[in-house]
Structure formats: structure tokens, C-alpha cells
């Protein structure tokens, strides 16, 4: 019976099955951060339990960490306590923690892959909905709640129900100015924020095969924004090349053995998916969101929907409410709309290739004096690489702020935030009301679009600058 | 976990689609290291104005919300972030069930672990219930988990799905972790047969 990669990943991690109960799955890598773990560690203490597999667990500080000078004390006392609690918990339970002083600190979904911890064939979980990022390696990777964090800490296992398989086939070649981010924004605009509920996406097709690992991570990262439990891409030579030589990747004979097993993972010829959609990469344009969920996205030159033209009353109400919050009028395009802030970073677009793309647009140009531009590398390693390539000088010369690694203005827990009413073009993943600061208004886009808009001070089609 | 018992309650209508967990509890409140004290932050940015005063137009600030244990929301409730703070805030406010036409996966799982019942019903029953609450804010629903039945104000019974295992855990107050730890022999056998590919400590 031919199987999809999703079924192969599931089958190889079944610990225990019983009729009438969900399946107990083993977890190969558990990533932990400061926000969704403290109550789980407390739960272990209350029950007198240990962490079963500290050797399969890694913690980092990212969500509430400041991106300003790290030699200074943390101004926000509540955040400082939470960050200290992570280090205390990790020390008590024997977990390696990439804390504020670590040379490898960074956004959890950037750190795992760059250390070579994320590998094909694995199950990966984290108390964070963007865990699907790791699916780019052909891993089954998904976000979990704090009760489940506690379960994995205690048992290295999770009770799971099988998801449906949802093939997203993307063929063709992306045109200049169109990025990996535009693929996933186009998918979510098409199927809606609940379109993938109960499913795992497998991204296939020549356009996906042509993406780098970092671009694949961007695509998989936002699977949750389409409602999917996870999103993944079968491993291929691009995957193997990325992994080869990384700190935790297998070496020597172990590498050869791993490679042989990884090559068995791709979906078998003739395997059936529960659902499929096809996207023509050649037809994609730079995408931007206009509303208050990631499904409210459009090609950058397209007019916004006019609520009066929408037949479904619930949809009409939600678009009307979104446009009101965003201070926008239906029927017109977003192009030319003034912005106040540009944020380049996050687990979606905070990797070195994202910074290179933005720097390519910003080099030799100045950002608009009306716009505050934050460039936040996703990790200490991304920061080191950027420095080696001279990117901070390009950003600073253009008038951008070059920051320390963290989630920053993607989730606005650390003081990096919009003021009420401000508009941002952001390379992050969520445009929910208040996501980047209470009353703030977010347009999600690629690093190319963000950099172009930073220069002009208005929403801009990067293709006019290439 | 507190056992989930059958009950009857008034309904707080919030008929918007795609209510995300950032609305249920904004991220700035996630710097806490406790599960407690989140009820005041539930729907904070819809519930209070810029000065921190209750917004009288928001349904949680209206008399009908007092003592109500059921939230009636639109499609794809709880989408977005995996924060379990969302069901913690909802239950601490007093909700024991959320009715919608569908739920986001992670929110549903988180709710079931906190004695908060996500009840997904067909669109026509959802529309009936909304109309009934609009006509009479004091209308009530009855929730019978063992029979998986929701009784609408007019007496119509609507069946809702819950998997057997979750139902058993809810009705008996069984904690999932206890069940998982009972499978220790199977976990040990699996780990013996599957050496780890990585060592994060090394």
C-alpha cells in the first residue's frame, strides 16, 4: 500500500495503540521557550516527576527577550522574571538552555535547524504554533499547548489523532520580486484561515523543489495560519546539503545510515491524499494582507474587497470589522498607503537569506524619514553571519535599527511594538488585532516588499525597484 | 482535572468568525509564570477601552454575561497561537463550554485538557441558537456530555461530536498524563528499539 510521507512519519513513531483512545506517539525533539513552559515545569514539580529525556529537549529564550543592548539589565521586571524562571527550570531539570547569554540564543524555530537538531523523519514539538517550520526537513512538527508540554517533558510522548493529508502542489518558477512568503500568503488567501483545519499540508511540486531550505522553512512556518496542524516538505538533496556538517547532524557512518533512511521518506508513487490544491508559481505576484487575519491577503496591486459586494453575511461582517479596525476603505488597492513602521525578522523571515534579500533592496538607498525600521536577526548565528557579510552596515546606512535576536515585534511581548493606530509592513506571520501592539495595524508581506516599503514610506511593489 | 457535569446555562453570544487566541488573551499578558489570575484579561482589548474602563457595547460587560457558562462564537474559534492561556482565561471567567460551528485544532485540544467543552454544531443549529438568544437573552441551553446532546432553547436536541477518550477523561475528571505514564512499558520498549538521532546535551 503506497503511503504519503505523513503516514510514514506517523507509523514510525507509534508507541501504543488501543481501540477507543488516541495513539501514543514518540517525540524525537522537544523545543521549549520561556512563555509556554513555566506552568508545565511547575506541573512536574507538583507531581514529583522528572524530565524523561533531557537529551531530546532544548530550551531557548526568544519571546519576551529584549532586542536592545544585552549588557543592560532587562527593563521589564515581569519579562526578566520569566526569563530567569526558564533558566532556573532548565537547570533544575537538566535541560540545555540557550539563554540570554548564550552564543546560540535565538528564535526557537531558527535555532533547531541551524544546529542540525531538526532532521528528516523526526517528530518535533514545541509549545508554539509555528513549530511547523521544522516540517521543511521532512519532519512531522507541530505546536502544542502547555499541558502537552508537560506531558512530553514527563513521558517524551503525546496522545494524537491522525490528521488528514492535504497536498499543496506548487509548480513553475517564481518571478523576480516574488518570494517564498508570497506562496504561503497566496495559499492562505485561497483556502482561508480555517481551510487546513484537521490536516497536515505536504508541499510538493517543482516550485517547492526549487526553494532553498530557508525558503522552505518560510512556507512551512505559516501552515498554522491556514489552520493546518503541520506542514512539511519531503527531504531531497537540498535538505541533505543543508544538514551536512551542522553541529548535531550525524557524521561518518551515521550520516550514511541516516541518509539511506531519509531517502525512504518521500511519498510513494500512487499514494492518495485526502485533499489537494494546485498553485501556479509563475502566476504569483507579491502578496500583502490588508485585514486582521492572514487569510485576508491579496496580490499587492489588487483592490481590497468591498463589503457591499460580499454575499455571505458573516463574511461581510468580518471584512467590514477588519477594514474598520485597519482604517481602510474597500474597493481600493493598498499600494501607496502610508506606513509608520517596518519590521524585518521573526521565525517566518528572520533567517540570513531574508536579511540578504532586504539588504539587497536597501543597499545604497535611505529609508523614509517617516518610517521606523527594525531589522531583527532570528538568532545569534544569523547575526554573526550578517556581520560577516557586512549587512548591519547596509541596514544602518539606510537608516534602519539593527537589533539583537528574538521574536520582537512579531508578538510584541518585549517592548518592541506599534503604538495605537500605527501601520506596519511586517515580515512576521500574524496580522491579528493588536498582535504587534494594542491598536497597531499590520500588513504582512515578504522581506522584499517590506524593504521596498521602508524606502518609500508607503506600501510599495518591490518590482518597481528591481 | 475537575469532572465535567451536565448543566444548563444562559448564553453569551459573540458571533464572529475566526476569533483568534490573541483576542481571547493578548500576548502581553503571557509574561506570567502562573496559570491563575487570567479572568480579568479575557478578551481584554475588546472588553476595555483605552483608559481601562469597561466597554459597555462588549457582550462580556452586559448583564446577560453574569453567571453565564456558555460562549456562542463563530466559525474556527481559537485560531492562531497555541497559548493554553486562552482556555485558562475562559474557564477562570466562568465558561464551561464554547459553542461554534468549528474550532481550531490546538485550541480544541487545550480546552479538553481544562474541562472546557468545545461543542461544534451544524450551521443551521448554530443559526437557530443565535436567533433564540437574540429574541430572548435569558434563553438557556442544556448540555449533556454523556449523551453528547445540546438542547436548544426551543427544545430541539442537537448531537455534537466528542471522541470517546476525551469524553471519558472529561466525565471522570481523568488526567491524560496519568494515562500516558501508565504506558511506561510500551514507551521503554519503543525507546530501546529506536536509538535517538540527536543528543541536545552533547
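The values are calculated or read from the model by the stated rules, or taken from the named source; none is laboratory data. Given the structure is predicted, the values throughout are model-derived calculations rather than measurements. All Cβ positions, glycine included, derive from the backbone under ideal geometry; neighbour counts span all protein chains shown.
What to note about this one:
- Residues in segment B:8-20 that are more than 7 Å from chain A (Cβ to nearest Cβ) and under 24 Å from residue A:312 (Cα atoms): B:12, B:13, B:14, B:15, B:19.
- Hits in segment A:424-436 - residues which are touching a strand residue (DSSP E or B) at 6+ places or on another chain (Cβ under 9 Å) and either within 11 Å of chain B (Cβ to nearest Cβ) or surrounded by fewer than 24 Cβ atoms within 10 Å (Cβ to Cβ) (or both): A:429, A:430, A:431, A:432, A:433, A:435, A:436
- Within segment A:213-255, tally of residues that are in a helix (DSSP H, G or I), within 12 Å of chain B (Cβ to nearest Cβ) and surrounded by fewer than 18 Cβ atoms within 10 Å (Cβ to Cβ): 2
- Annotation: of all residues in segment A:441-466 being outside any helix (DSSP H, G or I) and over 16 Å from residue A:370 (Cβ atoms), the one that is modelled with the lowest pLDDT is A:466.
Residue-by-condition table, conditions (1) crowded, with 17+ Cβ neighbours inside 10 Å; (2) without any contact (Cβ under 8 Å) to a residue 40 or more places away in the chain; (3) part of a loop (DSSP other than H, G, I, E, B):
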position: A:78; (1), (2), (3): no, yes, no
position: A:83; (1), (2), (3): yes, no, no
position: A:86; (1), (2), (3): yes, no, no
position: A:89; (1), (2), (3): yes, no, no
position: A:92; (1), (2), (3): no, no, no
position: A:103; (1), (2), (3): no, no, yes
position: A:117; (1), (2), (3): yes, no, yes
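- The lone exception for residue A:352 - which of (1) in contact with a helix residue (DSSP H, G or I) (Cβ under 7 Å, 6 or more places away or on another chain); (2) more than 13 Å from every other protein chain (Cβ to nearest Cβ); (3) within 27 Å of residue B:76 (Cβ to Cβ) it fails: (3)
- Segment A:402-418: number of residues that are more than 11 Å from every other protein chain (Cβ to nearest Cβ) and out of contact with any strand residue (DSSP E or B) (no Cβ under 9 Å at 6 or more places or on another chain): 1
- All helices (runs of 4 or more DSSP H) inside segment B:104-199 with 3 or more residues being crowded, with 17+ Cβ neighbours inside 10 Å and away from chain A (no Cβ under 14 Å): B:123-135
- The selection criterion, being in contact with a helix residue (DSSP H, G or I) (Cβ under 7 Å, 6 or more places away or on another chain), free of Cβ contacts under 8 Å to residues at least 40 places away in the same chain and either more than 14 Å from every other protein chain (Cβ to nearest Cβ) or under 26 Å from residue A:386 (Cα atoms) (or both), holds for residue A:305.
- The single condition among (1) in contact with a strand residue (DSSP E or B) (Cβ under 7 Å, 6 or more places away or on another chain); (2) part of a helix (DSSP H, G or I) that residue B:89 does not meet is (1).
- Residue A:40 vs. criteria surrounded by fewer than 22 Cβ atoms within 10 Å (Cβ to Cβ) and under 23 Å from residue B:84 (Cβ atoms): no
- Segment A:18-37: number of residues that are surrounded by fewer than 23 Cβ atoms within 10 Å (Cβ to Cβ) and either assigned to a loop (DSSP other than H, G, I, E, B) or without any contact (Cβ under 8 Å) to a residue 60 or more places away in the chain (or both): 5
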